[in-house]
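Written below as structure tokens is the structure these notes are about.
The values are calculated or read from the model by the stated rules, or taken from the named source; none is laboratory data. Keep in mind it's a predicted model, so treat the numbers as computed, not measured. With ideal geometry, Cβ positions are generated from the backbone for all residues, glycine too; neighbour counts draw on all protein chains shown.
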Amino acid sequence: MVELNLGTIINAPIERCFDLSRSIEVHLLGTEQTGEQAVGGVTTGLIGLGEFVRWRATHLGVKQHLASRITAYNRPVYFQDTMIEGAFRSMQHDHFFKALAPDRTEMMDRFVFAAPLPVLGLIAEKLVLRRYMHNLLIYRNEIVKQVAQSDKWKNFIG
């Protein structure tokens, strides 16, 4: 099992950062390199408590389907998405938000996953998956930050 922790400072209000982080369209901006598509459940707009989204993408050269559900939600400070189907044995992503000032937010991610195969999975986690998933999170957070700090956020949330 791998746990990744990442913090990002965004010069935007906490509510904006929270909502952009649960926007399907903003998520897709951060996954263009994998050809990710939302193909089931909530496929546009903001995902909320109890709702799920099914994704189709190519990661590490392998076409995959993944579905995750919002399993905890406390706007604007926290939400959690949990994999309900996919290639990993398990995956849980906690999103924490802290207002540092009216227009400054700390966004923190706790991303925990386990590869599907016990022995080979441990090797894959250490050699490939840890870095790959960490880089995906960094890129995704940079997209959220760019959108939140520009006027583009108005295209994704009202």
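What to note about this one:
- Residue in segment 112-125 that is at pLDDT 85 or above and among the charged types (D, E, K, R) present: no
- Flag if Phe97 is outside any loop (DSSP other than H, G, I, E, B), modelled with pLDDT of 95 or more and in contact with a Pro (Cβ under 7 Å, 6 or more places away or on another chain): yes
- Options Thr31, Thr44; residue that is of a type in the set (Val, Ile, Thr), surrounded by fewer than 16 Cβ atoms within 10 Å (Cβ to Cβ) and either over 18 Å from Lys145 (Cβ atoms) or under 13 Å from the mean Cα position of the chain (by Cα) (or both): Thr44
- Of all residues in segment 35-75 being polar (S, T, N, Q) and in contact with a helix residue (DSSP H, G or I) (Cβ under 8 Å, 6 or more places away or on another chain), the one that is farthest from Met91 (Cα to Cα): Thr44
- One residue from Val62, Val2 being among the hydrophobic types (A, V, I, L, M, F, W, C) and surrounded by fewer than 16 Cβ atoms within 10 Å (Cβ to Cβ): Val62
- Only a single item in (1) without any contact (Cβ under 8 Å) to a residue 40 or more places away in the chain; (2) surrounded by fewer than 19 Cβ atoms within 10 Å (Cβ to Cβ); (3) β-branched (Val, Ile, Thr) is not met by Val53, and it is number (2).
This table checks each residue for (1) touching a Lys or Arg at 6+ places or on another chain (Cβ under 7 Å); (2) more than 14 Å from Ile24 (Cα to Cα); (3) touching a residue at least 40 places away in the same chain (Cβ under 8 Å); (4) not hydroxyl-bearing (Ser, Thr, Tyr).
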| site | (1), (2), (3), (4) |
| --- | --- |
| Val62 | no, yes, no, yes |
| His65 | yes, yes, no, yes |
| Arg69 | no, no, no, yes |
| Ile84 | yes, yes, no, yes |
| His95 | no, yes, yes, yes |
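Conditions (1) modelled with pLDDT under 95; (2) out of contact with any Asp or Glu (no Cβ under 6 Å at 6 or more places or on another chain); (3) more than 19 Å from Ile143 (Cβ to Cβ); (4) hydroxyl-bearing (Ser, Thr, Tyr), marked per residue:
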position: Val26; (1), (2), (3), (4): no, yes, no, no
position: Thr31; (1), (2), (3), (4): yes, yes, no, yes
position: Gly48; (1), (2), (3), (4): no, yes, yes, no
position: Lys63; (1), (2), (3), (4): yes, yes, yes, no
position: Ile70; (1), (2), (3), (4): no, no, yes, no
position: Asn74; (1), (2), (3), (4): no, yes, yes, no
position: Val77; (1), (2), (3), (4): no, yes, yes, no
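- Residues in segment 31-51 that are polar (S, T, N, Q) and within 23 Å of Lys154 (Cβ to Cβ): Thr31, Thr43, Thr44.
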